[in-house]
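Have a look at the structure below before the remarks.
The values are calculated or read from the model by the stated rules, or taken from the named source; none is laboratory data. Not measured: the values here are computed from a predicted model. For neighbour counting, all protein chains shown are included, and Cβ atoms are generated from backbone atoms with ideal geometry for every residue, glycine included. Quick note on the areas: whole protein, heavy atoms, side chains included, nothing else; ligands and nucleic acids left out. Shrake-Rupley method; radii C 1.70, N 1.55, O 1.52, S 1.80 Å.
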Amino acid sequence: MPDWQWWQRGVVYQIYPRSFQDTNGDGIGDLRGICERLDYLVWLGVDAIWISPIYPSPMADFGYDIADYCNVDPIFGTLGDFDRLIAEAHGRGLKVILDFVPNHTSDQHPWFRESRSSRTSPKRDWYIWRDPKPDGSPPNNWISNFGGPAWEWDEATGQYYYHAFLKEQPDLNWRNPEVRAAMHDVLRFWLRRSVDGFRVDVIWHLMKDPEFRDNPPNPGFQPGRPEIDRLLQIHSTDQPDVHEIIAGMRRVLEEFEDRVLIGEIYLPIERLVAYYGQDLAGAHLPFNFQLIHTAWNVRELSTLIDEYEAALPEGGWPNWVLGNHDQPRIAARVGAAQARVAAMLLLTLRGTPTMYYGDEIGLAKVEIPDDAVQDPWEKNEPGLGLGRDPERTPMQWDSSPHAGFTTGKPWLPLSPTYAECNVERMRSDPRSILSLYRRLLALRRERKALSVGSYRSIGVFGTAFAYERTLGAERLIVVLNLTHEPHLVDLSSQGRLRRVLSTCLDGEGDLVEGTLDLRGDEGVILESVG
Ligand code: GLC
């Protein structure tokens with residue numbers, strides 16, 4: 001049997017550090033807070049945590065604008081706190097993955113300040129500076145992902161600089177070997193501090209068209225969509241030479257043992273799988289966000305899984321993501337009942353699942369009053385529903401004031417449902433979604449077929465679909481009902497089966513002969529009993 005890596009067997013849990021646990025009363029989570037909650041994560045049964053950026057930052061994009069890659073922002077603590085967190089996590093068998101943001105820095109980063117200081121600065125070429133067109137307008141038509149032009153005029157030096165996101169986030173020039181070397185050293189800095197890997201921010205953005213050609217208009221653009229969708233990003237992202245850059249990062253990780261490289265990539269499957277790299281020398285896990293964008297019905301989902309499985313390169317390890325700090329939460333997208341089915345789907349598909357903090361308690365969309373909005377995207381393009389604050393609200397630990405998250409004023413409002421929707425209440429309720437997540441995680445750990453076994457689609461049965469996971473003699477079948485209506489599923493061709501786990505908790509242990517009586521919103525894991 002192959003020797004599986006921890007990042008193949010395990011489950012990743014994303015922590016948005018501002019919102020996990022505050023320990024100093026400033027209303028913003030911190031590293032000590034994460035440390036305090038490690039026992040919870042062990043109890044829950046995850047294997048690794050990925051922490052969104054913790055580095056010194058003016059927080060224009062809440063840490064995705066980094067002013068120093070090799071330190072910790074005082075809001076989150078100190079390097080000493082970080083070292084302690086690593087030691088405490090490792091002591092509990094948990095891996096720690098950091099967010100690496102190589103596409104852009106903060107405009108307050110000393111590199112950019114230097115670059116901006118004059119046209120002859122030794123760091124001028126570390127960023128992307130271009131002359132205006134003869135009429136003074138920007139060098140091309142590229143748009144910022146947060147709306148508005150992607151070029152910012154610098155009066156003092158008479159050139160524009162490029163920023164794929166906020167103007168406070170100037171893009172680095174990865175064609176410059178000095179930039180590559182400096183960023184590789186950043187990776188080594190954290191790898192030596194024993195981090196187990198990186199989630200690399202917008203990795204498909206790193207290289208731009210060398211000629212900076214205009215992006216063509218998007219014929220499918222519809223009003224109400226973000227401005228960035230007006231153009232097809234064919235020259236500003238996903239360039240062929242990005243793969244060599246990723247392979248370079250991977251080589252740095254290979255200097256150390258057992259580290260993982262995860263890439264954030266929003267691309268359709270056929271382009272996404274190229275990020276495994278030639279000879280699998282790219283990202284170990286190019287994040288697969290398809291579950292976030294695919295319509296929640298059996299046809300679309302079962303087709304998606306088959307297409308993704310078929311598109312993977314030989315030896316490329318799959319992965320699945322249900323939500324993150326940039327996307328509406330799963331419970332907001334599919335509702336509370338289906339969020340349970342989604343949990344079973346995520347934790348029984350082949351490949352590495354990534355969970356998002358709070359999804360395990362069924363946290364749904366939290367309404368953000370206008371005067372509480374934090375997200376710069378919402379501020380730039382208000383009223384389109386683009387804001388990411390609703391999925392970044394504080395974790396709800398108990399029924400005490402501010403849900404045990406902070407003794408101060410939380411930086412974003414809590415869900416008004418927190419008195420019921422919290423870890424303490426839910427962990428003693430066997431029917432809660434938290435208990436379901438915990439059982440699924442435990443089963444996945446116990447039954448290796450669920451994590452590393454092969455995948456085979458069994459088929460679509462009306463409103464339900466079924467698939468099989470097999471490893472050696474272990475064979476498990478997962479049947480998921482994606483609607484509120486009950487459904488009879490004919491499993492007579494599957495041999496004798498026993499119900500192992502149901503999202504409704506009913507009939508566990510019962511034998512299933514022929515037909516499975518599936519309730520509305522029910523997912524069932526069955527085992528083959530010969
Ligand atoms: C990624 C991050 C997002 C951030 C953006 C710019 O998409 O996940 O939160 O705003 O990159 O760094």
Percent of alpha-carbon pairs separated by more than 34 Å within the chain: 39 percent
Taking 8 Å as the Cα distance limit and 6 or more residues as the minimum spacing, I'd like the relative contact order of the chain as a percentage. 13 percent
What the 5 Å binned alpha carbon P(r) of the stretch 453-528 shows, as percent of pairs per bin from 0, is 4, 18, 30, 28, 16, 4, 1
Ranking Ser194, Ser137, Asn24 by how far each Cα lies towards the positive end of the charge dipole of the chain (+1 on Lys and Arg Cβ, -1 on Asp and Glu Cβ), the top one is Ser194
Cα-centre dipole for the chain with unit charges at Cβ (Lys and Arg positive, Asp and Glu negative), debye to 20: 840 debye
Where the centre of each part is set by its Cα atoms, how far does the stretch 384-398 sit from the stretch 10-38, in angstrom? 15 Å
The FRET efficiency for Glu254 and Trp43, from their Cβ-Cβ distance with R0 = 45 Å and rounded to 0.05, is 0.85
Most packed first (mean Cβ within 10 Å per residue), the peptides 338-349, 388-399, 439-450 order as 338-349, 388-399, 439-450
Compute, for the stretch 453-528, the length of the dipole vector about the Cα centre, with Cβ point charges of +1 (Lys, Arg) and -1 (Asp, Glu) only. Units Debye, rounded to 20. 300 debye
Within the accessible area of the chain (1.4 Å probe), percent carbon and sulfur: 49 percent
What is the spin-label model distance, in nm, from Thr78 to Glu485 if the labels are put 7 Å beyond Cα along the C-beta direction? 6.3 nm
Out of Leu505, Gln494, Val524 - ranked by how far each Cα lies towards the positive end of the dipole of the stretch 481-529, with unit charges on the beta-carbon of charged residues - the top one is Gln494
Treating the beta-carbon of each Lys and Arg as +1 and of each Asp and Glu as -1, no other charges, what is the dipole magnitude of the stretch 299-381 about its Cα centre, to the nearest 20 debye? 360 debye
Once you have the Cα-Cα distance between Asp241 and Leu267, take 0.36 nm times their residue separation minus that, and quote the gain in nm to one decimal. 7.7 nm
If R₀ is 56 angstrom, what is the calculated FRET efficiency for the pair Asn218 and Asp279, using the beta carbon separation as r and rounding to 0.05? 0.95
Can you list the equivalent-ellipsoid semi-axes of the stretch 94-176, largest first and in whole Å, using the square root of 5 times each Cα gyration tensor eigenvalue? 24, 16, 10
Please compute the contact order of the stretch 218-306 in relative form: average sequence separation of alpha-carbon pairs under 8 Å and at least six residues apart, divided by the residue count, as a percent. 21 percent
When we measure straight from the Cα of Lys379, which lysines land under 26 angstrom away, once same-chain ones fewer than 8 places off are left out? Lys167, Lys365, Lys409
Extended-chain gain in nm, criterion 0.36 nm per residue less alpha-carbon gap, Ser118 and Arg456: 115.7 nm
Gly197 neighbourhood, Cβ < 10 Å, K/R = +1, D/E = -1, net charge +1
Once both labels are modelled 7 Å past Cα along the beta-carbon direction, what's the Ser137-Asp371 spacing in nm? 4.2 nm
Would you please give the FRET efficiency between Glu36 and Arg9, computed as 1/(1 + (r/R0)^6) with r the Cβ-Cβ distance and R0 = 22 Å, to the nearest 0.05? 0.25
In nm, spacing of pseudo-spin labels at Ser492 and Asp209 (7 Å Cα→C-beta vector): 6.0 nm
Hey, if we sort Thr303, Thr470 by accessible area with the 1.4 Å probe, largest down, what's the order? Thr303, Thr470
Which ³J(HN,Hα) values in Hz, rounded to whole numbers, follow from the phi angles of the stretch 282-297 under the Karplus curve 6.51 cos²θ - 1.76 cosθ + 1.60, where θ = phi - 60° and Gly and Pro get x? x, 5, 5, 10, x, 3, 9, 9, 5, 5, 6, 9, 8, 4, 7, 8
Using a 1.4 Å probe, what is the accessible area per residue for the stretch 17-159, in Å²? 35 Å²
Name the residues whose placed amide hydrogens come within less than 5 Å of the amide hydrogen of Asn218, ignoring near sequence neighbours (fewer than 5 apart) on the same chain. Leu231, Leu232
Multiply the residue gap between Ala419 and His90 by 0.36 nm, knock off their C-alpha separation, and tell me the result in nm, one decimal place. 115.2 nm
If you split all Cα-Cα distances of the stretch 223-270 into 5 Å bins from zero, what percentages do you get per bin, shortest first? 4, 14, 19, 20, 15, 11, 8, 5, 3, 1
Which whole-Hz couplings ³J(HN,Hα) result when phi for each residue of the stretch 33-45 is put into the Karplus expression 6.51 cos²θ - 1.76 cosθ + 1.60, θ = phi - 60°, listed in order with x for Gly and Pro? x, 4, 4, 5, 9, 4, 5, 4, 5, 5, 4, 5, x
Send over a whole-number figure in Å² for the accessible area per residue of the stretch 453-528, probe 1.4 Å. 39 Å²
